[in-house]
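The values are calculated or read from the model by the stated rules, or taken from the named source; none is laboratory data. These numbers were taken from a predicted model, which means no experiment stands behind them. Methodologically, a virtual Cβ is constructed for each residue, glycine included, from the backbone with ideal geometry; neighbour enumeration extends over all protein chains shown.
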Amino acid sequence: MKIIITENKRNESITKWLNSEYGKLRKYTGNSTYRYIHYKDNDGLTIFRFNLSTGIVTIINPDLERDLKSMFGLTGYEVNDIFIPWLEERYNLHVERVQFEETTWHCNECGRYHTTRYHIED
C-alpha cells in the first residue's frame with residue numbers, strides 16, 4: 001500500500017514532534033559578551049545554538065540531526081522550511097538560516113578525519 005503525505009501535512013507532523021521532543025529547552029547565554037545562545041535539554045546537552053550576530057541556528061545534537069534525516073528524510077535545505085517558523089514561534093528568535101553542524105571524527109585506522117565515526121574509504 002502506498003501512502004501519499006502532502007508537504008504541508010509532513011511539516012505539521014514534524015512540528016508536533018519537535019514540540020513534544022524539543023519544545024521545552026532552556027536558554028543559556030554564558031557571560032554578557034557571549035555571541036551565542038545555547039538551547040539545552042534537561043541533561044544539560046546543547047541541542048542547538050543561535051548566533052546573535054548572524055541569525056544562524058546550528059543544530060548541534062547528533063540525535064536530532066539523525067532523527068530529522070532518517071525519520072523524516074529532511075535535507076539541509078528542507079530543515080529551514082520547518083525550523084525557521086518553529087523557532088520563531090516557540091523561542092521567539094529571528095532566524096536567517098538553520099544548518100547542521102559539520103562534524104568530523106579522527107580515524108584511528110588511517111589517521112585522517114571522516115564525516116562518520118567509523119573508517120570509510122575516500
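Could you tell me which of the residues Tyr36, Tyr28 is out of contact with any helix residue (DSSP H, G or I) (no Cβ under 9 Å at 6 or more places or on another chain), more than 18 Å from Phe100 (Cα to Cα), surrounded by 13 or more Cβ atoms within 10 Å (Cβ to Cβ) and among the hydroxyl-bearing types (Ser, Thr, Tyr)? Spell out the reasoning first.
Working: Tyr36 fails: more than 18 Å from Phe100 (Cα to Cα).
Going through Tyr36, Tyr28 in turn, just one is out of contact with any helix residue (DSSP H, G or I) (no Cβ under 9 Å at 6 or more places or on another chain), more than 18 Å from Phe100 (Cα to Cα), surrounded by 13 or more Cβ atoms within 10 Å (Cβ to Cβ) and among the hydroxyl-bearing types (Ser, Thr, Tyr): Tyr28.
Could you say which residue among Asn51, Asn42 is loosely packed, with under 14 Cβ neighbours inside 10 Å, polar (S, T, N, Q) and over 27 Å from Thr6 (Cβ atoms)? Full working, then the answer.
Values: Asn51 fails: loosely packed, with under 14 Cβ neighbours inside 10 Å.
From the options Asn51, Asn42, the qualifying one is Asn42.
Of the residues Ile60, Ile4, only one is at pLDDT below 90, exposed (fewer than 11 other Cβ atoms within 10 Å of the Cβ) and not polar (S, T, N, Q); which? If you could, list the steps in order and put the result at the bottom.
Numbers: Ile60 fails: exposed (fewer than 11 other Cβ atoms within 10 Å of the Cβ).
Residue meeting the stated conditions: Ile4.
What is the number of the single condition among (1) among the acidic types (Asp, Glu); (2) under 21 Å from Glu102 (Cβ atoms); (3) at pLDDT 85 or above that Glu78 does not meet?
Result: Glu78 fails condition (3) only.
For segment 10-21: of the residues being over 14 Å from Gly73 (Cβ atoms) and without any contact (Cβ under 8 Å) to a residue 60 or more places away in the chain, which is nearest to the chain's Cα centre (by Cα)? Step through it out loud before you land on a result.
Initial filter on segment 10-21 (over 14 Å from Gly73 (Cβ atoms)): 12, 15-16, 18-21.
From what's left, without any contact (Cβ under 8 Å) to a residue 60 or more places away in the chain: 12, 16, 20-21.
Numbers: Glu12: 17, Lys16: 15, Ser20: 15, Glu21: 12 Å.
It comes out as Glu21.
For Gly44, are the conditions met, namely being of a type in the set (Gly, Ala, Ser) and at pLDDT 85 or above? Quick ask: steps written out before the conclusion?
On the way: of a type in the set (Gly, Ala, Ser): yes; at pLDDT 85 or above: yes.
Answer is yes for this residue.
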